[in-house]
Each structure stands twice: as structure tokens, then as C-alpha cells.
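**Q** Next up is a structure, given as C-alpha cells.
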Amino acid sequence: MIHPSPPLPWDVAFVYALPHGVVVGVHLPGGPEPVDDEPMSRLLAPERALAAGLRGYRQVQFVGGRLAAAAAFAELGTRRAPVLSDEHGAPSLPDGWVGSISHKQDLAVVLVARGRTGVGVDLEDTDRPRPGVAARVLTAPELAAVQALPESRQWVDTVVRFSVKESVYKAVHPTLRRYVGFGEVEVWPGTDGTDRVQPISTDLQGFEFEARHEWIGCRVLSTVRALPTARALAG
Ligand SMILES: CC(C)(COP(=O)(O)OP(=O)(O)OC[C@H]1O[C@@H](n2cnc3c(N)ncnc32)[C@H](O)[C@@H]1OP(=O)(O)O)[C@@H](O)C(=O)NCCC(=O)NCCS
């Protein structure tokens, strides 16, 4: 269980070296008000230019993600570079680095790793069960497995599967460059924090996935690495 420090907007909440890369969390102010000059001044110029054109929570979350990325680069002992967004919304990192971002109203998280293998990170709340999510994001075998659990565990198990699927999407989208449906992979959560990702669609069978989840209070933080299979690399 990970316990974050008390929240001060724009401060680093935590830095963790996890198997898929360094994960940094940054506290967000919690509201949609325009970001003050001080946090804006901490961005690199191209990031600031992009952030200036955003409004409301979008601006707050974008800035939080970039400040988290700055802290991750510092942690990795490397020169910081602008983290912009590609035409599909994915974060673009400097050559030789990969990364992924997720946010909630009060927290932005980034995962940064060396290399070219796609990574994804996702943060989800578990405190408010939302009926209807399971049927929308789980396949029939996943749904049956969830329904076989004690009722008290069903929502949390659903959220872990959902979060890993979002991380899978973020890890593969820069390569596939198309929408990936929730039925294209199945997620089988493990009790030790490692999760098995079973590709279903042909495109997704071109990857081997490493997936994990951690707990930040009652939030799930999932991380995924998507390695193209030898067969996929051979074309
Ligand atoms: C794109 C998506 C995954 C974002 O998730 P979300 O819960 O809405 O929002 P999060 O806060 O977790 O993530 C937002 C971040 O996602 C990243 N992101 C957006 N589009 C992305 C893409 N195409 N590829 C990779 N990362 C992307 C961005 O970094 C964004 O933050 P930023 O704009 O500040 O840089 C989600 O909106 C979506 O479209 N999901 C449906 C597809 C899916 O998940 N299928 C499951 C397949 S197994």
C-alpha cells in the first residue's frame, strides 16, 4: 500500500521506481481555475505555449502531467525535454524515452522509462461503485469471473481490469494508431500485483504484455509494457 504525502498543489506527491519505469504523482489544485503564473513558469517554453491554449481542468491536468514528467526526468538523472501531445493526444517524449500520463481531479501521474517499448499508466478510483461499467468494459468470461467473486470484491476487481485495459490502450495506441475496444484484451488480475493480459484480437496478439497494479490509498494505479512479439517484428 502506497501512502501519499499531504496535498500542496503542484508539489510532488510521490516518486516510485516501479518495474515498468519511474512513476511520479503531482498534486493538482482540485478546481478548474486557470493555472497561476508560478506553476506555468516551471514548464518548458513549448509546453507553456500548449498549456496557454487550454482551459479549465484540461489545462490543470496538462500542466500537472508535465510537472510530473519534469520530476521523473530529474529522478532518472537525465536532461528534461518538453512533453507535448501527438495528433491522437498521446504524450510525445524525447527519442529513446517512453511515457504515459493519467490524472484525476486532484492528482496527475506520469510513467517514464528508457527505451522504445510502449508503456501505459492509468489511475482509477474504487470508492464509488458504478453499476454498468462492468458490462461495458468486460468480456463475457471476465464478467463471469467477476460475478463469481464475493459481492464486496466485485467492484474493485472490475476497476483493476478496467484500469489495466486503459493502460494497455495507452501502451499500444502509439503503434496501432486506432481505437482499441475493451473486448480486444482480457485482464486476469493476480493477487501479487501482477496481472495477466490475454490478447483477443489479431492486432493485439502482436504484443506480449507485462501488467501490474499498485494501490495509492483506495486508488488503483496500473502500469503496462507492450512488447511487440518476434512474429510481429518479422512482419
Ligand atoms: C485515451 C484514454 C485511454 C484516456 O484515458 P482517461 O481515463 O480518459 O484519462 P486519463 O487521465 O487516464 O489519461 C489522459 C492522458 O491519456 C493520454 N492519452 C490520450 N490519448 C492517448 C493515446 N491515443 N495514446 C496514448 N496516450 C493517450 C494523454 O497523455 C492524456 O493526458 P494529457 O492530455 O495531459 O497528456 C481514454 O479516454 C479512452 O479513449 N479509452 C477508450 C479506449 C480504451 O481504453 N480501450 C481499452 C482497450 S484494451
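**Q** For S85, what residues show an amide H to amide H distance below 5 Å, using hydrogens built from the backbone and excluding near sequence neighbours?
**A** Hits under the 5 Å cutoff: S92.
**Q** Applying the Karplus parametrisation 6.51 cos²θ - 1.76 cosθ + 1.60 with θ = phi - 60° to the phi angles of the range 216-230, what ³J(HN,Hα) value in whole Hz is obtained for each residue in order, glycine and proline being reported as x?
**A** Using θ = phi - 60°, the values come out as 10, x, 9, 9, 9, 10, 9, 9, 9, 10, 10, 9, x, 6, 4 Hz.
**Q** Could you compute how fast the range 116-185 diffuses translationally, taking Rh as the Kirkwood radius over C-alpha pairs and applying Stokes-Einstein at 10 °C with viscosity 1.306 mPa s? Give it in µm² per second. The partial results should precede the final answer.
**A** On the way: Rh = 12.9 Å.
D, rounded to a whole number, is 123 µm²/s.
**Q** For the chain, with the dipole built from +1 on Lys and Arg beta-carbon atoms and -1 on Asp and Glu ones, taken about the Cα centre, which of A230, L123, A49 lies farthest toward the positive end?
**A** It is A230, whose Cα lies furthest towards the positive end.
**Q** Among the complete DSSP H segments of the chain, which ones combine at least 20 Å of alpha-carbon extent along their axis with a mean Kyte-Doolittle hydropathy of 0.0 or more?
**A** Flagged H segments are 56-75.
**Q** So how much slack lies between D192 and D86, counting 0.36 nm per residue of separation and subtracting their Cα-Cα distance, in nm?
**A** Numbers: separation 106, 0.36 × 106 = 38.16 nm, distance 3.46 nm.
Taking 0.36 nm per residue and subtracting the Cα distance, the gain is 34.7 nm.
**Q** Moving on to the next point. If I take the Cα coordinates of the range 20-129 and project them onto the principal axes, what are the three extents in Å, biggest first?
**A** 39, 36, 27
**Q** What value in Å³ per residue do you get for the convex hull of the alpha-carbon atoms in the range 122-234? List each step's numbers first, then the result.
**A** Values: hull volume 11.0 nm³, N = 113.
Spelled out: Cα convex hull of the range 122-234, divided by residues, is 97 Å³.
**Q** To the nearest 10 square angstrom, how much accessible area does Y57 have with a 1.4 angstrom probe?
**A** 90
**Q** Identify which of R48, R79, R178 has the largest mean-square fluctuation in a Gaussian network model of the chain, with springs joining Cα atoms closer than 10 Å.
**A** The residue with the greatest mean-square fluctuation here is R79.
**Q** Hey, another quick one. Report the full-extension gain for the segment I200 to W215: residue separation times 0.36 nm, less the Cα-Cα distance, to one decimal in nm.
**A** Working: separation 15, 0.36 × 15 = 5.40 nm, distance 2.71 nm.
Stretched out fully, the I200 to W215 stretch lengthens by 2.7 nm.
The values are calculated or read from the model by the stated rules, or taken from the named source; none is laboratory data. Quick caveat, the model's predicted, so the values are computed rather than measured. Positions of Cβ are backbone-derived with ideal geometry, glycine not excepted, and every protein chain shown enters the neighbour counts. Each accessible area value is taken on the protein alone, full model and side chains, heavy atoms only, with ligands, DNA and RNA left out. Shrake-Rupley method; radii C 1.70, N 1.55, O 1.52, S 1.80 Å.
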